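Here's the structure, in structure tokens; my notes come after.
The values are calculated or read from the model by the stated rules, or taken from the named source; none is laboratory data. Just so you know, these numbers come straight off a predicted model, no measurement behind them. The area values use the complete protein model at the heavy-atom level, side chains included, leaving out ligands, DNA and RNA. Shrake-Rupley method; radii C 1.70, N 1.55, O 1.52, S 1.80 Å.
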Amino acid sequence: MINSKPTTRSGAKLQAVASPKVVSSPASSSPSNDDIMTTLLSFRTEFSDSFKKLSLTQDNQFKELKNDIVQLSSLLAELKAENNTLKGEVVFLKDKVLRLESLDSPAFSSTVVSQVFQETFERERCSTNLLVYSVPESSAESTAQRITDDKSTFENIVIPLIGNLPAQYKLVRLGKAQANNTRPLKIIFESKECASKLLATYYEVKKKGTNFPPNFRIVKDKTLLQRTLLRNCHSELERRSQDGEVGLQIVHINGLPKVVFSNPRNGNFNQRPTFNNP
């Protein structure tokens, strides 16, 4: 008879090794379709978010690049305009330098000196002459008779109002005779002192209020340059008057005509412009 002995620890281990337990793994060892779809959806969402962020970043970069291009184009246009302006100024300065350099040329200096001498001579010649306006013109056939008639008419107007005239002087009608147009008279005296004395007496008498015939006046004879300057002053006076300026008049300062404002103490600024033709 065999006696049964209690099982020892070592024996238990051997038994456990000899007959191992089979532990069944959970269902996760074989993933389901739902798990796969969930993973794919999650991946797609992450990819979509990442793509959107990347696209937004690229859009912002594109807008910044576009703005930079617009600013660059604007700067290029400004530089081009400035370059054209500088080119124009360079051309102007070159022309000015050439003109200034030409002033030093002997030919130019000779021309200027000649013009100065010519103007000086012309002014000296004109200093003995006076121009008289609105003296009725003779209709005689012969030139000698017309001169005699004009001289008589001139003296009949001037002597009673101004006084005696110099003994010797000549008269010449200026311009071509025309119907209904009285040409001015040029009075040629023997000296500029005679001309100056008569002109001064005329202004003095006129200032006292002596009544002369309508439109009658006596002025100095002028050179071509002086007449040109005076016409320019008349044009300036007319333009400024049309622009609304009042109280203007033409006066001669150092022999040159200028448009100036009349002294308010001498009259009303609202009156029409006056002309001072010495």
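Applying the Karplus parametrisation 6.51 cos²θ - 1.76 cosθ + 1.60 with θ = phi - 60° to the phi angles of region 149-156, what ³J(HN,Hα) value in whole Hz is obtained for each residue in order, glycine and proline being reported as x?
Ordered by residue, 3J(HN,Hα) equals 5, 5, 5, 5, 4, 4, 5, 5 Hz.
Please give the per residue accessible area of region 109-161, computed with a probe of 1.4 Å over protein heavy atoms only, in Å².
For region 109-161, the per-residue accessible area is 61 Å².
Could you state the principal axis extents of the C-alpha atoms in region 52-153, from the largest down, to the nearest angstrom?
113, 41, 21
Residue by residue, what Karplus-based ³J(HN,Hα) values in Hz, rounded to whole numbers, does region 175-186 have, using 6.51, -1.76 and 1.60 with θ = phi - 60° and x for Gly and Pro?
x, 8, 5, 9, 5, 6, 9, 8, 6, x, 9, 9
Using a 1.4 Å probe on the protein chains only, how many percent of the accessible area of region 128-214 belongs to carbon and sulfur?
50 percent
Using modelled amide H (1.01 Å from N, peptide plane; none on Pro or chain starts), what sits under 5 Å from the amide H of Leu248, excluding residues fewer than 5 places away?
Ser262, Thr274
How large is ³J(HN,Hα), in whole Hz, for each residue of region 198-214 in order, when computed from phi with the Karplus curve 6.51 cos²θ - 1.76 cosθ + 1.60 and θ = phi - 60°, using x for Gly and Pro?
5, 5, 5, 5, 4, 5, 5, 5, 5, 5, 6, x, 5, 8, 9, x, x
How much of Lys151 can a 1.4 Å solvent probe reach, expressed as accessible area in Å² and rounded to 10?
Counting only protein heavy atoms, Lys151 exposes about 70 Å² to solvent.
How would Glu245, Glu119, Glu141 rank on accessible area, largest to smallest, probe 1.4 Å? Walk me through the numbers on the way to the answer.
On the way: Glu245 65, Glu119 35, Glu141 165 Å².
From most accessible down to least: Glu141, Glu245, Glu119.
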